[in-house]
Amino acid sequence: MKILGTGSALPKKVVTNDDLAAFLDTSDEWISTRTGIRERRVLSEETLQSLAEAAGKAALENARVAPEEIDFVLVTTVQAETLSPALACDIQTALGLKCMGLDLNGGCTGFIAALSVAEGLIAAGRARKVLIVSAEALSRFADWTDRSTCVLFGDAAGACVVGEGEGLKDIRFMSEPRRDVLCASTPPGNSPFAVDPAPAEYLKMQGQEVYKFAVSHSFKDIQAMLAAHDLQPEDVDFYVLHQANMRILEAVRTRLKVAPEHFPHNIERTGNTSSATIPVLLDEMNRAGQLKPGCRAILNAFGAGLCTGTALIEF
Ligand code: ACO
């Protein structure tokens, strides 16, 4: 399976660290030093669906694939606008698609999980081309009164068209179930039979626990992928990691002993957009002409579960 084209869309509204300091006890200095984030994009006029449609349309155009060639749409999202129908169904009218659509919630690892599902569909002969759209609106379930979490997140959609061909070499996942360190919940509903239903809660995170998990597992996962394919760190052109924190990216990079130009990032402009970070960054790299034929990349993401996903891919 190979990536045939990419797309992305960000909300218009730019929220700087100084904007946050206007209503939270925080500062640009604290946020940028601890995370590398300077600004993020947040949904205001748009809907998540409109972002997903824009990213999907851009990916189809970039791949030069007609809507009728798409056999399956996979949307990764932690929370779409509606529980039913799936966002993957809702974006089809605007994109001119008429195929099965499915939403997947793999947390921040969702995009890599979707690559794996698409690979399976294509290998089984059930699809020839799949549209993957990762669309996330963390602004909707972040607690905007909690300075330790809301400053980290942004909204975005990234997309790619995948199809038959040589490109994806390997995908691996790791899971260490730990609900306590990162979770958010939905409203409990109004069933008269529910006993002691838990109220909805905004996203809660034990930042230092997630940080330790991310640094140690990303490094180990990447090392394992390199070893499995008899590669040295310098044999990989780009390490496209989940954009959660610049310090996490730097810690993994220095452990691997590779130069900064091999670790692309946009977290300073976008914040953490969950499963959208990797496809948005891939799209920016693609449009900047960085993903040349033969170029090799390792994708790596970590997130709620906790779980991680790592992919080795050639363009
Ligand atoms: N502004 C100012 N002070 C703050 C802020 C803020 N925005 N947030 C927390 N603080 C304060 C805390 O209250 C604490 O104060 P205290 O010492 O008086 O109690 C102090 O700063 C230190 O807080 P820590 O939580 O220890 O700060 P830390 O250095 O660990 O940085 C951070 C926090 C940035 C969240 C870090 O732990 C981190 O990046 N963790 C990884 C998180 C992550 O990647 N999450 C996403 C993964 S899942 C997903 O992508 C959806």
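Values for this structure:
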item	result
Residues within the range 14-37 that are assigned to a loop (DSSP other than H, G, I, E, B) and surrounded by fewer than 16 Cβ atoms within 10 Å (Cβ to Cβ), tallied	4
Cβ pairs under 9 Å, 6+ apart, first in the range 267-290 and of a type in the set (Lys, Arg) and at pLDDT 95 or above, second more than 14 Å from the ligand (Cβ to nearest atom) and in a helix (DSSP H, G or I)	ARG287/ASN62
Pick from the range 150-168, criterion touching a Phe, Trp or Tyr at 6+ places or on another chain (Cβ under 8 Å) and outside any helix (DSSP H, G or I), ranking: farthest from the ligand (Cβ to nearest atom)	GLY167
Number of positions in the range 294-314 that are more than 16 Å from the ligand (Cβ to nearest atom) and at pLDDT below 95	1
Among residues of the range 142-161, those that are under 15 Å from SER44 (Cα atoms) and either among the polar types (S, T, N, Q) or under 16 Å from the mean Cα position of the chain (by Cα) (or both), counted	5
All positions within the range 227-253 that are in contact with a Leu (Cβ under 9 Å, 6 or more places away or on another chain), among the hydrophobic types (A, V, I, L, M, F, W, C) and either touching a residue at least 60 places away in the same chain (Cβ under 8 Å) or away from the ligand (no atom under 15 Å from the Cβ) (or both)	ALA228, LEU231, VAL236, PHE238, VAL240, LEU241, ALA244, LEU249
One residue from ARG64, ARG40 being under 27 Å from HIS265 (Cα atoms), of a type in the set (Lys, Arg) and surrounded by fewer than 22 Cβ atoms within 10 Å (Cβ to Cβ)	ARG64
Wholly within the range 50-130, helices (runs of 4 or more DSSP H) carrying at least 2 residues that are closer than 30 Å to VAL210 by Cα and within 16 Å of the ligand (Cβ to nearest atom)	110-123
Count - residues of the range 131-148 that are in a loop (DSSP other than H, G, I, E, B), touching a strand residue (DSSP E or B) at 6+ places or on another chain (Cβ under 7 Å) and modelled with pLDDT of 95 or more	0
Those residues of the range 1-36 which are within 9 Å of the ligand (Cβ to nearest atom) and either under 28 Å from ILE313 (Cα atoms) or within 19 Å of the chain's Cα centre (by Cα) (or both), in sequence order	THR35
Residue satisfying all of: in the range 254-291; in contact with a Pro (Cβ under 7 Å, 6 or more places away or on another chain) and not in a loop (DSSP other than H, G, I, E, B); nearest to the ligand (Cβ to nearest atom) among these	LEU281
Residue check for ASN286: among the polar types (S, T, N, Q) and under 13 Å from the mean Cα position of the chain (by Cα)	no
LYS212 being surrounded by fewer than 17 Cβ atoms within 10 Å (Cβ to Cβ) and modelled with pLDDT of 95 or more	no
Residues of the range 19-45 that turn out to be in contact (Cβ under 8 Å) with a residue 12 or more places away in the chain and of a type in the set (Gly, Ala, Ser), as a count	3
Residues of the range 175-226 classified as within 11 Å of the ligand (Cβ to nearest atom) and part of a loop (DSSP other than H, G, I, E, B), total	3
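The values are calculated or read from the model by the stated rules, or taken from the named source; none is laboratory data. The shown structure was predicted, so the numbers you read here are calculated from the model rather than taken from an experiment. Reconstructed Cβ throughout: ideal geometry from the backbone, glycine too, with neighbour counts over all protein chains shown.
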